[in-house]
Structures are given as structure tokens and as C-alpha cells.
Amino acid sequence: MSALSIDQILPVVEQELQSTQFIDIHTHLFMPSLGELGLWGIDELVTYHYLEAELFRSSSVKPDAYFAMTKREKADLIWRTLFVENAPVSEATRGVVAVLSALGLPTASDDLKVAREYFAAQTLEAHIGNVLKIAGLSEVVMTNDPLDPAEGPRWEAGVERHAKFHPVLRLDGMLNKWALNWKAIAAKGYKVDEGCSDAAVAEARRFLSDWAKRMKPVYAAVSLPDTFQFPEDSIRGRLIAGAVLPMCREFDIPMSLMIGVRYLVNPALKLAGDAVGKADLQALERMAVSYPDNRFLVSLLSRENQHELCVYARKFANLMLFGCWWFLNQPSVVEEMTRERLEMLGTTFIPQHSDARVLEQVIYKWRNTRRTLAPILANTFKLLAEDGRPVSREDIHRDVTRLFRTNFERWTGLGGAA
Ligand code: RAT
Ligand code: ZN
């Protein structure tokens with residue numbers, strides 16, 4: 001183990017970040033057997049909801065008129081507005097440029113013709129392999145909601161698994177939309193009711209256990225509003241305590257909490273219509289302290305919550321922080337959050353996930369993560385060396401692997417060591 005000089009640290013960190021295969025622990029990508037649920041290609045990239053939100057700031061088109069267009073028309077409008085009439089300087093637009101560039105496609109053309117021809121010529125399985133290779137990912141984790149009518153039946157019919165795609169039992173359909181979905185659960189033979197009685201909670205647990213057996217998820221997950229409270233005498237509160245957490249203990253999987261969404265503040269924007277609010281972390285505190293036998297993955301949407309969340313992670317070893325989620329996934333904020341986490345938690349957190357909805361997005365999202373994190377990690381090791389502890393390549397290798405692989409493998413049992 002030879003000590004690196006201060007000047008060698010940054011290049012070694014960059015090399016280790018490049019050569020380590022990461023696990024993308026939260027995406028909205030789907031394995032090929034889930035068919036057209038899996039989005040890929042230029043029209044999907046350009047109509048990503050992050051870009052739709054930006055369209056309405058630069059174009060006079062109204063949401064109703066936009067959403068009445070075909071996918072291709074939408075993509076043409078967004079391309080013209082955000083990429084031709086303006087320089088694509090925002091994080092989400094620049095991401096499309098980085099993807100096109102990585103695939104050898106024109107980045108400044110007036111239309112999407114060449115890109116469309118390129119994607120039409122790809123076969124999905126080979127393309128997935130190529131994209132994950134460019135992104136430096138060994139595996140991605142999906143988001144699979146059994147109550148999504150487009151998805152549930154496919155699992156029930158039996159789907160072919162894929163070694164690079166891990167399922168996640170997403171609970172939004174049950175926990176956030178009980179009124180809409182309890183009848184669908186009842187129709188499958190579970191004795192649930194509209195008010196979610198104690199008997200219904202027990203049946204909901206049976207429903208989740210059956211799905212855990214079917215899906216073999218690496219964790220269960222829910223997104224939650226900024227107003228989330230726990231414990232709470234509400235349908236969601238009772239389902240979490242009486243169905244979800246016992247199911248997670250039974251199958252020894254973590255529960256992922258993504259807290260801080262203000263849903264549909266602008267309903268006309270559909271998927272792009274959500275905003276952010278600061279959450280009350282005492283709800284998380286009560287959950288962590290009351291359920292020491294449950295493990296939680298936690299990501300919060302509000303920047304204002306991040307310091308407090310680090311403090312809670314120091315108090316509760318059953319909390320694993322992950323990701324700079326959605327509106328936080330901008331280099332300026334990622335930098336601030338990651339430095340704070342390293343300073344307060346060492347390497348006991350998972351710095352990032354992509355949240356990719358379109359396959360090729362993993363290329364730019366992980367490229368940006370590596371680029372933003374290299375100087376932060378290097379600076380951490382430089383400070384250590386300056387304070388008298390020699391730093392070796394092995395140290396850097398171990399910590400990069402821990403941050404982007406083993407923390408998750410340990411938490412989920414994926415690496416065989418729960
Ligand atoms: O980042 C996003 O794409 C959001 O729309 C949400 O999907 C969020 O990540 C979630 O998982 O709820
Ligand atoms: Zn997501």
C-alpha cells in the first residue's frame with residue numbers, strides 16, 4: 001500500500017470512479033420482458049417530464065395543446081424550443097446533449113432525423129448492454145407498482161427476469177391511493193374495505209407478502225408528501241405500521257421513503273406538475289426509533305431538510321441516506337449535499353441514484369455524478385493526507401466501492417451479505 005502524493009489523489013479518484021461499476025439503486029426503467037413500459041430512444045429522451053416543465057417557460061404553447069400532440073410532435077416542439085431556439089444550458093437539456101454526444105449523434109442539428117434513424121436501428125437487448133456499459137453500471141433497480149394496471153397483470157402472468165434489472169415493490173398505489181385502488185385489491189380476493197379496517201390492514205399485509213414472493217423485490221418503496229406524519233391514525237399510517245413494516249421484516253428487505261413531494265401543484269402539467277416542500281423529520285425519527293428491526297432507505301426532496309437528515313442518520317443506524325433526488329440533482333446542490341454527508345457520515349451513505357425514466361438517461365446522469373463527485377472525494381482524501389494519514393489507491397478504491405455498491409448490497413442482501 002503506497003501513499004499517494006497530494007497531486008496524485010484527484011487523478012486516482014477519477015480513475016476509480018471511472019473503473020468502478022455502480023449500482024443504480026432507484027430508476028423508473030424496466031426490464032425488457034415488461035415490454036413497452038420500458039422507455040428508450042430520442043423521442044422519449046426529449047419529452048422527459050423535466051424538459052416538459054422547461055418547455056412551458058420558453059414556449060407559448062399551453063399544456064392542453066401540448067398534451068394533445070403525438071409523442072413525435074411533442075419531441076419536435078421541445079427540440080426546436082429548448083435545443084435550437086435556445087442553447088440547452090439547463091441540467092436536463094444538457095443531459096440530452098451528453099447522451100447524443102456519447103452515442104456519436106449530432107448535438108446541434110435542426111431536427112431529430114439522424115437520432116431517430118439511429119435508435120430505429122437498435123435492438124433492445126444489445127442497446128441496453130451498450131448503454132449500461134457507457135454509463136458504468138452493473139445493475140439498475142426498477143420501480144414496480146403491482147397496482148399499476150399497466151404493470152401488475154404482466155407480473156401476474158409471469159415475467160422473465162433479467163440479471164441487470166432488480167425489482168422494487170412500489171407502494172404508492174396502496175399507501176397514497178387507497179380510495180382509488182382498494183377495490184382492485186378486493187377483486188383479487190383480499191378482504192379489504194374502503195375505510196381500511198383492522199381486518200383490511202391484515203389482508204393488505206397478505207397482499208404485500210404475496211407480491212413480495214412473486215416479485216422478490218430488493219426493497220419496498222413509497223414517495224410521500226411534505227406533510228407526511230407518522231405514526232398517524234390515517235389509512236396510510238395504519239397500513240405502514242400494520243402491513244408494510246411487518247412485511248419488510250418478514251422478507252428482510254428495507255423500506256425506501258422518498259419524502260417531500262407536493263403533488264400536482266400544477267395539475268395541467270401532469271407528471272411535470274409536482275413541486276417540493278420541507279418535511280417534518282420527527283415523523284422519520286419516530287419511525288426509526290419505534291422500528292429498530294426495520295431498515296430504511298431515505299431520500300428527501302427538500303434541500304432545507306438535508307442537514308437535519310444527516311443528524312438523524314448519525315442517531316439511527318437503521319437509516320441509509322441515498323441520492324440527490326429530482327430537483328436536488330443539480331451540480332451545485334449535489335456538491336453541497338455530498339460534502340455535508342461525507343463530513344457527517346463518512347462513507348456510510350449512498351451518494352446518488354439516477355431516477356432515469358428513459359434508458360439512455362443513465363449515460364448523462366452518471367457521467368454528471370462522477371464529474372461532480374471527483375473533486376469532492378479528492379478533497380476529502382487530500383484533507384486526510386494533510387492531517388497526517390497517508391492515503392493509498394486501495395483506500396480510494398474501497399470507499400468508492402462502498403459508496404456506490406456495497407452500502408446498497410449490504411442493506412438489501414443483494415451481495416449475499418445482509
Ligand atoms: O424524478 C422523477 O421522475 C419523479 O417524477 C418521481 O418519479 C420520483 O422520482 C418518484 O420516484 O416518485
Ligand atoms: Zn423516482
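The values are calculated or read from the model by the stated rules, or taken from the named source; none is laboratory data. All figures in this text were calculated on a predicted structure; none of them were measured in a lab. Backbone-built Cβ (ideal geometry, glycine too); neighbour counts: all protein chains shown. Ligands, DNA and RNA are stripped out before the accessible areas are found, and what is left, the full protein with its side chains, is counted by its heavy atoms. Shrake-Rupley method; radii C 1.70, N 1.55, O 1.52, S 1.80 Å.
Quick notes on this one:
- Peptides ranked, highest mean first, by Cβ atoms within 10 Å: ranges 111-117, 85-91: 111-117, 85-91
- Share of carbon and sulfur in the accessible heavy-atom surface of region 330-405 [1.4 Å probe, %]: 49
- Projecting label points 7 angstrom from Cα along Cα→Cβ for VAL61 and ALA186 puts them 4.2 nm apart.
- Accessible surface for region 264-322, divided over its residues, is 44 Å² per residue with a 1.4 Å probe.
- Label reach from HIS49 (point 7 Å along Cα→C-beta): in region 255-275, amide nitrogens under 12 Å belong to 261-275.
- Prolate/oblate/rounded call for region 43-156, Cα gyration tensor, a/c under 1.5 rounded: oblate
- Once the convex hull of all Cα atoms in the chain is built, its volume per residue stands at 148 Å³.
- Fraction of accessible area attributable to carbon and sulfur, region 1-123 (%, probe 1.4 Å): 51
- Among complete DSSP H helices in the chain, those whose alpha-carbon atoms stretch at least 24 Å along the helix's long axis and whose mean Kyte-Doolittle hydropathy reaches -1.0 are 198-215, 361-386.
- In this simple spin-label model, placing a label point 7 Å from the Cα along the Cα-to-Cβ direction at both THR123 and ARG249 gives a separation of 4.9 nm.
- Alpha-carbon centroid distance for the pair region 10-87 / region 103-172, whole angstrom: 13
- Potential lengthening of the chain between ALA87 and GLU394 amounts to 106.3 nm, from the contour at 0.36 nm per residue minus the alpha-carbon distance.
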